[in-house]
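Below is a structure I'd like to ask you about.
We did not get these values from a lab; they are worked out from the coordinates using the rules stated. Please read these numbers as outputs of a predicted model, since none were measured by experiment. Cβ atoms come from the backbone with ideal geometry, glycine included; neighbour counts cover every protein chain shown.
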């Protein structure tokens, strides 16, 4: 009876194992329309996104301000009483003194055309910077929503895997309980099987907690759509171009375009500081009405006198040149940082791909083979139930590690997409790393 029971339990475990092995790993079923795919989430994130809409409004404001800044100032209208006596018998009379007049004047300032052009150029470059910021925000939001979606995907896959193994462990626990009654296993092995069930229950609860946290992060970008069931399939893996192509693509990154616009704006500021050494002109034309005497007209011409430049124009030019230099160094720093990210992400992608292939071709098949060997040994009485539990625990750790590698590989691909790697022209050597 004990031997028959042992064999029956062993074949029961084999059936459970084959059922679990036949199922797609971690929920690999095809996605339907009711699920939220990664591309759906990315599209939702950049549609009616307040951050992007706000940047677009700022860009429009800068463009309109650039047009206004390049125009002449508005003329100024003046109206007043000139030379009105306030004492003697002529006090407050408009007709007794020949100098008293009611004056109407118009004054127009004429800043130099170069200054007006440079003021407009500064704001035009600000609009260009905001346009680059708009494109950068779209890329950044796509990256953030991709990473958030991948977090939800990973923890849901982890929960699915743990639940599958949990059901298997519960079947093993039942088998161990029967084996304990028939004397074919020890109480220590039974307690070990029960401990494994409890640990898997804790792992499932932890994964469920992380799913809720990840969905909260995803809702930052897509709102309530983050509560939808997500697709269990990752998008097809793209072929990453060679590192040289990725490095070349970094030059077109919108963050560099924004830095270039800041340099251009600083150059316009330097030009404006130099132009301020040249004086501006103004003209005023007036008409004076004297009720008891002849009418009068007035023409005035004014000019700035930039004769004390040491503490004004000179200092303004020094500041503008320093700002231009700072903008150039900032662009160099941005370029260096993006290149570093490109190299890091590209190398990470290659190494992660190699490691995942190792798991898929060797480690996971070996773990499954170890489980089958432990089952055969336990069925034949060559080893104990503990060996089978140890094999299953090791297999779980390997599958979770493989899932983490899939997650990291997808994250590195998202980072490369943010850097423009897939916008790079394809070269003949792009398959070399595969």
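Please determine, in degrees from 0 to 90 and to the nearest 10, the orientation of helix 2-22 with respect to the longest principal axis defined by the Cα atoms of the chain, where the helix direction is its Cα long axis.
30 degrees
Using C-alpha positions alone, give me the convex hull volume of the chain per residue in cubic angstrom.
240 Å³
Evaluate the relative contact order of segment 137-258 (contact order divided by residue number), counting alpha-carbon pairs under 8 angstrom at least 6 apart; express in whole percent.
Over segment 137-258, the number comes to 34 percent.
Then there's this: Report the far tail of the P(r) of segment 133-267, meaning the percent of Cα-Cα pairs longer than 24 Å.
58 percent
At 222 nm, what value in deg cm²/dmol follows for the chain if DSSP H runs of at least 4 each add -39500 (n - 2.57) and the sum is divided by all its residues, to the nearest 500?
-23500 deg cm²/dmol
May I ask for the angle, rounded to the nearest 10°, between helix 50-69 and the longest principal axis of the chain, with both axes built from Cα atoms and the value confined to 0 to 90°?
Tilt of helix 50-69: around 20 degrees.
Relative contact order for segment 229-319: what is it in percent, counting Cα pairs under 8 Å that are at least 6 residues apart?
Details: 50 pairs, mean separation 20.5, N = 91.
Across segment 229-319, relative contact order equals 23 percent.
So, one more: Starting with the fewest neighbours, write out 351, 154 ranked by other beta-carbon atoms found within 10 Å of each beta-carbon.
Details: 351 14, 154 24.
Placing the least packed residue first, the sequence is 351, 154.
What do you get when you divide the Cα radius of gyration of segment 298-423 by 2.2 N^0.38 Å, with N the number of residues?
Ratio of Rg to 2.2 N^0.38 Å for segment 298-423: 2.38.
Still on this structure: Roughly what angle does helix 364-380 make with the longest principal axis of the chain, taking Cα atoms, 0 to 90 degrees, to the nearest 10?
On a 0 to 90 degree scale, this one is about 20.
With an 8 Å cut-off on Cα pairs and a minimum separation of 6 or more residues, tell me the relative contact order of the chain in percent.
Answer for the chain is 24 percent.
Quick check: the distance between the Cα centres of segment 228-300 and segment 343-365, to the nearest angstrom?
Each part's Cα centre sits 46 Å from the other's.
Specify the inter-centroid distance of segment 109-169 and segment 66-108, based on alpha-carbon positions, in whole Å.
Cα centroid of segment 109-169 versus Cα centroid of segment 66-108: 57 Å apart.
How long is the gain from residue 83 to residue 63 if the chain were fully straight, where each residue apart is worth 0.36 nm and the alpha carbon distance is subtracted?
Stretched fully, the residue 83-residue 63 segment lengthens by 2.5 nm.
At R0 = 45 Å, how high is the FRET efficiency between residue 113 and residue 347 if r is their beta carbon distance? Nearest 0.05 is fine. Please list the in-between numbers first.
Values: r = 53 Å, r/R0 = 1.19.
Here the calculated transfer efficiency is 0.25.
Treating segment 83-188 as a set of equal point scatterers at the Cα positions, no solvent, please give the Debye-formula log₁₀ I(q)/I(0) at q = 0.20 Å⁻¹.
One equal scatterer on each Cα of segment 83-188 leads to -1.06.
When ranked by the protection proxy of mean other Cβ atoms within 10 Å per residue, highest first, what sequence do the peptides 302-312, 360-370, 116-126 form?
116-126, 360-370, 302-312
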